[in-house]
1. Which members of segment 249-264 meet the condition of being more than 12 Å from TYR187 (Cα to Cα), crowded, with 16+ Cβ neighbours inside 10 Å and under 19 Å from the mean Cα position of the chain (by Cα)?
2. Tally time: how many residues in segment 110-153 are surrounded by fewer than 16 Cβ atoms within 10 Å (Cβ to Cβ), of a type in the set (D, E, K, R) and part of a helix (DSSP H, G or I)?
3. Can you tell me which residues in segment 67-85 are within 10 Å of the ligand (Cβ to nearest atom), in contact (Cβ under 8 Å) with a residue 40 or more places away in the chain and not small (Gly, Ala, Ser)?
4. What are the pairs, 6+ residues apart or on separate chains, where a residue within segment 1-17 that is on the phi > 0 side of the Ramachandran plot has its Cβ under 8 Å from a residue that is of a type in the set (A, V, I, L, M) and near the ligand (Cβ under 9 Å from one of its atoms)?
5. Yes or no: segment 172-182 includes at least one residue that is in the same structural domain as GLY260 (by TED's automatic domain parsing), within 24 Å of ILE41 (Cβ to Cβ), among the hydroxyl-bearing types (Ser, Thr, Tyr) and touching a Cys at 6+ places or on another chain (Cβ under 9 Å).
6. Return a yes/no flag: does segment 170-180 have any residue that is part of a loop (DSSP other than H, G, I, E, B) and under 19 Å from THR14 (Cβ atoms).
Amino acid sequence: MNIGIIGCGYVCDTYMSTWPQHPNLVIRGVTDIDPARAEIISKLYGLRRYASNEELLADPEIDIVVNLTSIESHTEVTRQILQAGKHVYSEKPLTMDFEQGKALVDLAREKGVLLSCAPCNTLSDTTQTMWRAVRDGLVGDVRMIYAEMDDNPIYLMSPEEWRSRSGAPWPYQHEYEAGCTIEHVGYHLTWLCAMFGPVETVTAFSKWTLPDKTDAPLNPKDTPDFSVACLDFKSGVTARVTCSIGAPWDHRMRIIGNQGMLSADTYRHYQCPVYLERFTKLSMNARKSYTVRNSNLLQWL
Ligand SMILES: NC(=O)c1ccc[n+]([C@@H]2O[C@H](COP(=O)([O-])OP(=O)(O)OC[C@H]3O[C@@H](n4cnc5c(N)ncnc54)[C@H](O)[C@@H]3O)[C@@H](O)[C@H]2O)c1
């Protein structure tokens, strides 16, 4: 299967940096609405540059197209790719709107091609290990899940100066306008829904908590930068998912059952270790001893 890439911005370099680990992948070429970006990526990585999306999509040698365009272009570019009869892997989110997403799924079915979307961390060793442990009943019946997506107070880390290897600026204005929930919650939803099925109800709160994060004009300017949602799955499991770009880094995944807890420090490192605590008398006593009030030893001292 030969791959074509549309979108040569910041994240394109991230894809290029992992490409050498997958020598079976053949990238035929790249394109971008901005010819200068396409030229830079083409030169740096030795890839053919197509003059336009249309030219890339007309190449019969390309089977899969990776859509790395900015969020507002996702729907249209993915539609173009499907219309050309090619498989799609899109960066997240697939679309900004449920109906648009559904229309793309219908179009992919009609064309007989595959439509897939980042993130793919459900396939990571970490998530697969947690999933296997859940299926093997190592924590008993899963009762609740805590999934955190706090990405540090990035506005204090000069994101205006961040550059990819090829010099693309990190599109911080776009990131602020789309908001951390749309940008990031998919990283947790993808493994949560894979493991526990569909969600029946969502109760959520979000707020624009950092009005002073940039002087740059934003449209809209008040996209929430903090959110918490409680998800009630049809399977009976309950999950709390938190997103922010104001709180210090916390990417933990915790699956809590009636007999134990599975935890991992981050969804992002695909081989992050998974820890299992069984809720035994010993582990409960150890937890009790953390609390000075309840510790016989500390009271005795
Ligand atoms: N930046 C990150 O750290 C990061 C990480 C993971 C995922 N992503 C996702 O990757 C995608 C791209 O993000 P980015 O940071 O690379 O953005 P970016 O703005 O740096 O790059 C987007 C590129 O797409 C091009 N483009 C826009 N519309 C187009 C169209 N219709 N046809 C062809 N080219 C078009 C732009 O000219 C630009 O070069 C987004 O969906 C984002 O959510 C970004």
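1. Those that are more than 12 Å from TYR187 (Cα to Cα), crowded, with 16+ Cβ neighbours inside 10 Å and under 19 Å from the mean Cα position of the chain (by Cα): ARG254, ILE255, SER263, ALA264.
2. Final tally of qualifying residues: 4.
3. Listed by number, the residues that qualify are ASN67, LEU68, THR69, ILE71, VAL77.
4. Close Cβ pairs satisfying both conditions: GLY7/LEU68; GLY7/VAL77.
5. no
6. Yes, because at least one residue in segment 170-180 is part of a loop (DSSP other than H, G, I, E, B) and under 19 Å from THR14 (Cβ atoms).
Here is a yes/no grid of residues against (1) within 15 Å of the ligand (Cβ to nearest atom); (2) within 26 Å of PHE196 (Cβ to Cβ); (3) out of contact with any strand residue (DSSP E or B) (no Cβ under 8 Å at 6 or more places or on another chain):
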site: ASN121; (1), (2), (3): yes, yes, yes
site: ASP125; (1), (2), (3): no, yes, yes
site: THR129; (1), (2), (3): no, yes, no
site: ARG132; (1), (2), (3): no, yes, yes
site: ARG143; (1), (2), (3): no, yes, no
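Residue-by-condition table, conditions (1) of a type outside the set (D, E, K, R); (2) at pLDDT below 95; (3) within 22 Å of ARG79 (Cα to Cα); (4) not assigned by TED's automatic domain parsing to the domain that holds THR95:
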{"position": "CYS12", "(1), (2), (3), (4)": "yes, no, yes, no"}
{"position": "GLN21", "(1), (2), (3), (4)": "yes, yes, no, no"}
{"position": "ASP32", "(1), (2), (3), (4)": "no, no, yes, no"}
{"position": "ILE40", "(1), (2), (3), (4)": "yes, no, no, no"}
{"position": "LEU68", "(1), (2), (3), (4)": "yes, no, yes, no"}
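The values are calculated or read from the model by the stated rules, or taken from the named source; none is laboratory data. Please read these numbers as outputs of a predicted model, since none were measured by experiment. Virtual Cβ from ideal backbone geometry, glycine too; neighbours counted across all protein chains shown.
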